[in-house]
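Data first, discussion second: the structure below is written as structure tokens.
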Amino acid sequence: MHRISVTVNGTTREGEVEARTLLVHWLRDSLGLAGTPIGCDTSNCGACTVLMDGRSVKSCSVLAVQADGSEVTTIQGLANGEWHPVQKAFKECHALQCGYCTPGMITAAVDLLGENPDPTEEEIRHGLEGNLCRCTGYHNIVKAVELAAGEMREAAK
């Protein structure tokens, strides 16, 4: 067993984990943060994407011990009293259907907009490539990211 300390959604969380425990399982099973879904367990779908030290990672491909000392933000941690602009835009643009991919899409989009606050449609599509959606056809997801980008740029002025 390994002792880890990770700041999760702004709160330092400590625990004992086996070396083989995936970050997604520690978040869900030990911390009760079920907003991060377990999708494919092979890092193909991106549903489990979280932010680790501000960068999007597929939490099914990161061991919990690798997150020791890091700051992890899940979909629940994006809202700070009110929804994050990307969360609002997904709702406003109807960028979800079943919702399974939504937490990963949103966290990946937050990372994308942190790196590129004014992405083109092509850059958005490229930035979300590792996150799969079986329901929406991606059109409204791209529109949501465009809307959020504009709102975030306005708020930054």
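The values are calculated or read from the model by the stated rules, or taken from the named source; none is laboratory data. Note that the structure is a prediction, hence the values are computed from the model and not measured. Here the Cβ is made from the backbone with ideal geometry for all residues, glycine too, and neighbour counts use every protein chain on show.
Quick rundown of the values:
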read-out: Residue count, the stretch 97-121 (criterion: in a loop (DSSP other than H, G, I, E, B), touching a residue at least 60 places away in the same chain (Cβ under 8 Å) and surrounded by fewer than 24 Cβ atoms within 10 Å (Cβ to Cβ)); value: 1
read-out: Hits in the stretch 65-83 (condition: without any contact (Cβ under 8 Å) to a residue 60 or more places away in the chain and either of a type in the set (A, V, I, L, M, F, W, C) or surrounded by 14 or more Cβ atoms within 10 Å (Cβ to Cβ) (or both)); value: GLN66, ILE75, LEU78, ALA79, TRP83
read-out: Contacts under 7 angstrom Cβ, first residue in the stretch 15-30 being assigned by TED's automatic domain parsing to the domain that holds LEU63 and under 14 Å from ASP68 (Cβ atoms), partner surrounded by fewer than 19 Cβ atoms within 10 Å (Cβ to Cβ) and basic (Lys, Arg), 6 or more apart; value: GLU16/ARG3
read-out: Scan of the stretch 84-96 for residues that are surrounded by 17 or more Cβ atoms within 10 Å (Cβ to Cβ) and at pLDDT 95 or above, ordered by number; value: HIS84, PRO85, VAL86, GLN87, ALA89, PHE90, CYS93, ALA95
read-out: Out of GLY137, GLY127, GLY69, sole residue that is outside the structural domain of THR12 (by TED's automatic domain parsing), among the small types (Gly, Ala, Ser) and out of contact with any Leu (no Cβ under 7 Å at 6 or more places or on another chain); value: GLY137
read-out: Some residue of the stretch 127-140 being assigned to a helix (DSSP H, G or I) and in contact (Cβ under 8 Å) with a residue 24 or more places away in the chain; value: yes
read-out: Number of the exception - ASN131 against (1) surrounded by fewer than 19 Cβ atoms within 10 Å (Cβ to Cβ); (2) in contact with a strand residue (DSSP E or B) (Cβ under 7 Å, 6 or more places away or on another chain); value: (1)
read-out: Flag for SER61 being surrounded by fewer than 20 Cβ atoms within 10 Å (Cβ to Cβ), farther than 20 Å from GLU146 by Cα and in contact with a Gly (Cβ under 6 Å, 6 or more places away or on another chain); value: no
read-out: VAL57 at pLDDT 95 or above and touching a Cys at 6+ places or on another chain (Cβ under 6 Å); value: no
read-out: CYS40 being out of contact with any Lys or Arg (no Cβ under 8 Å at 6 or more places or on another chain), surrounded by 20 or more Cβ atoms within 10 Å (Cβ to Cβ) and either part of a loop (DSSP other than H, G, I, E, B) or without any contact (Cβ under 8 Å) to a residue 24 or more places away in the chain (or both); value: no
read-out: Odd one out for THR136 among (1) over 20 Å from PRO37 (Cα atoms); (2) crowded, with 17+ Cβ neighbours inside 10 Å; (3) among the β-branched types (Val, Ile, Thr); (4) more than 14 Å from the chain's Cα centre (by Cα); value: (1)
